[in-house]
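Shown next, in structure tokens, is the structure this report addresses.
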Amino acid sequence: MTFKINQVPNKKYYGQRKGRGSMAIARAYSKFGASVSDDLLATIEEILKELANRFSGEVAATPQMFDSEYLCPVEIGTPPQTLNLDFDTGSSDLWVFSSETPANQVNGQDAWDIDQSSTAQLLMGSTWAISYGDGSSSSGNVYLDTVSIGGVTVQNQAVESARNVSLSFTQRPDTDGLLGLAFGSINTVRPNQQKTFFENALSNLASPLFTANLRKAEPGNYNFGFIDQTEFTGDITFVPVNASSGFWQFTADGYQVANSNAVSAPHQAIADTGTTLLLLPQEIVDAYYSQVQGAVNDVRGAGGYVFPCSATLPDYTAIIGSHQAVIPGDFINFAPVDGNTFETATTCFGGIQASPSTFPLSIYGDIFLKAQFVVFHGGNQQLGFASKSL
């Protein structure tokens, strides 16, 4: 079986507004257990206060730390209840807001009503918990239920019901939960880890793979079980995946800034649809922004590199095996810093930033993925990269 799942626009998407860059890097650091500096947390707090004073309650309650522009519909239970989830190749839990989530922790999310599903079964003695680098956490009970995506149905899929949700998720009415697509070895269910939806669906797929065709400023899609030849140009370059970390980990061999000479800089990286930014070794980030006039590393303020919004950003090319993955410079102008639009701001936040010093891997998030066609091959544990029309 094969199926295509199209992303849907998030109706509560906050947009390219002030503070989105600071919150995106705080989110990425927290996700991978890295501490978020007091200075950056103070910056975010000031941004939220300003938003609360300026906008309606709904907007003020939509901080960008976990903002997602596009989500994917997933059906859970019998009869099916549709929730809009983030597909996250950087985690391995399928967790949702539910009827067990305390009312004061729900802020506009659609919740899975467990009692309304005739096929939901409590997995006795099992719990799940995810901790973040900012000290917050989410946790709860585990159920087995029917989950359908794009026509493929998995019976007895572990669905993690949130009995406690961190404030950063409560303040995110845009999404109803996460669907992890990394390897089950980092699933947080205890005492027995549970398989991901993809791992459970493998035997039903025509080919043991899925592809991500994310887009800039428009919905993309995921394909399961097949490779759509119309979604990429040229050849697909496959590289081995080191799954021992639980992530889709690969070796990036080097980089090129604009038309300068290619630089050999091997580093270990993961392909992560659940992280917005492209997080690279500090020396590569410094080399990139050395080519951007007026760029400064405002770690204590904005949380990373900023530059004049009027600056022309050079293309960044990631060298992966024989593939040259070009990210256009305009993809890297991520968000305004001192205004709510690019037109009114003078300072902008870069989509390329340094990976956490305490996390050993670079994180190739959406800034990178929206410029590439990517194959996640679970059968032979490989990643495939190809160019596409942008």
For this session: Could you list, in sequence order, all residues of region 107-122 that are within 20 Å of residue 75 (Cβ to Cβ) and touching a residue at least 40 places away in the same chain (Cβ under 8 Å)?
Result: 109, 110, 111, 112, 114, 117, 118, 119, 120
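Condition check ((1) more than 20 Å from the chain's Cα centre (by Cα); (2) among the charged types (D, E, K, R)) across all residues:
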position	(1), (2)
151	yes, no
155	yes, no
160	no, yes
165	no, no
172	no, yes
181	no, no
188	no, no
192	yes, no
Exercise. How many residues, within region 299-311, are touching a Gly at 6+ places or on another chain (Cβ under 7 Å) and over 15 Å from residue 24 (Cα atoms)?
Worked result: 3
For this session: For residues that are within 22 Å of the chain's Cα centre (by Cα) and part of a loop (DSSP other than H, G, I, E, B), scanning just region 319-353, find the one that is nearest to residue 234 (Cα to Cα).
Result: 328
For this session: Please work out which residue is nearest to residue 131 (Cα to Cα), limiting yourself to region 159-190 and to residues that are touching a Lys or Arg at 6+ places or on another chain (Cβ under 9 Å) and small (Gly, Ala, Ser).
Result: 168
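Residues of region 292-303 being on the phi > 0 side of the Ramachandran plot and surrounded by 17 or more Cβ atoms within 10 Å (Cβ to Cβ), which ones?
Residue satisfying the conditions is 303 alone.
Kindly indicate whether residue 148 is out of contact with any strand residue (DSSP E or B) (no Cβ under 8 Å at 6 or more places or on another chain) and within 27 Å of residue 212 (Cα to Cα).
So residue 148 does not fit the description; no.
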For this session: Tell me, yes or no, whether region 237-253 has at least one residue that is assigned by TED's automatic domain parsing to the domain that holds residue 7 and part of a strand (DSSP E or B).
Result: no
Exercise. Hey, among the residues in region 149-167 that are buried (at least 19 other Cβ atoms within 10 Å of the Cβ) and under 20 Å from residue 109 (Cα atoms), which one's modelled with the lowest pLDDT?
Worked result: 166
For this session: For region 312-345, name all the residues that are hydroxyl-bearing (Ser, Thr, Tyr) and within 24 Å of residue 27 (Cα to Cα).
Result: 316, 341
For this session: Pick out the one residue from 312, 346 that is among the β-branched types (Val, Ile, Thr), out of contact with any strand residue (DSSP E or B) (no Cβ under 7 Å at 6 or more places or on another chain) and in contact (Cβ under 8 Å) with a residue 12 or more places away in the chain.
Result: 312
Exercise. Pick from 206, 212: which is crowded, with 17+ Cβ neighbours inside 10 Å and either within 30 Å of residue 145 (Cβ to Cβ) or of a type in the set (Phe, Trp, Tyr) (or both)?
Worked result: 212
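Kindly evaluate residue 138 against the criterion of being at pLDDT 95 or above and either outside any strand (DSSP E or B) or in the same structural domain as residue 184 (by TED's automatic domain parsing) (or both).
Working: at pLDDT 95 or above: no; either outside any strand (DSSP E or B) or in the same structural domain as residue 184 (by TED's automatic domain parsing) (or both): yes.
For residue 138, the condition - at pLDDT 95 or above and either outside any strand (DSSP E or B) or in the same structural domain as residue 184 (by TED's automatic domain parsing) (or both) - is not met.
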Problem set entry | Members of region 354-390 that are over 15 Å from the mean Cα position of the chain (by Cα), crowded, with 20+ Cβ neighbours inside 10 Å and at pLDDT below 95 | 356
For this session: Report whether or not residue 126 is at pLDDT 95 or above, more than 30 Å from residue 39 (Cβ to Cβ), among the small types (Gly, Ala, Ser) and outside any strand (DSSP E or B).
Result: no
Exercise. In region 279-311, what residues are over 20 Å from residue 37 (Cβ atoms) and in contact with an Asp or Glu (Cβ under 9 Å, 6 or more places away or on another chain)?
Worked result: 309
Exercise. Among the residues of region 308-318, which ones are among the β-branched types (Val, Ile, Thr) and assigned to a loop (DSSP other than H, G, I, E, B)?
Worked result: 312
Exercise. Where in region 1-105 are the helices (runs of 4 or more DSSP H), entirely inside, with at least 1 residues that are closer than 22 Å to residue 180 by Cβ and at pLDDT 85 or above?
Worked result: 20-31
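The values are calculated or read from the model by the stated rules, or taken from the named source; none is laboratory data. Just so it is clear, the structure is predicted and the values come from calculations on it, not from any experiment. Reconstructed Cβ throughout: ideal geometry from the backbone, glycine too, with neighbour counts over all protein chains shown.
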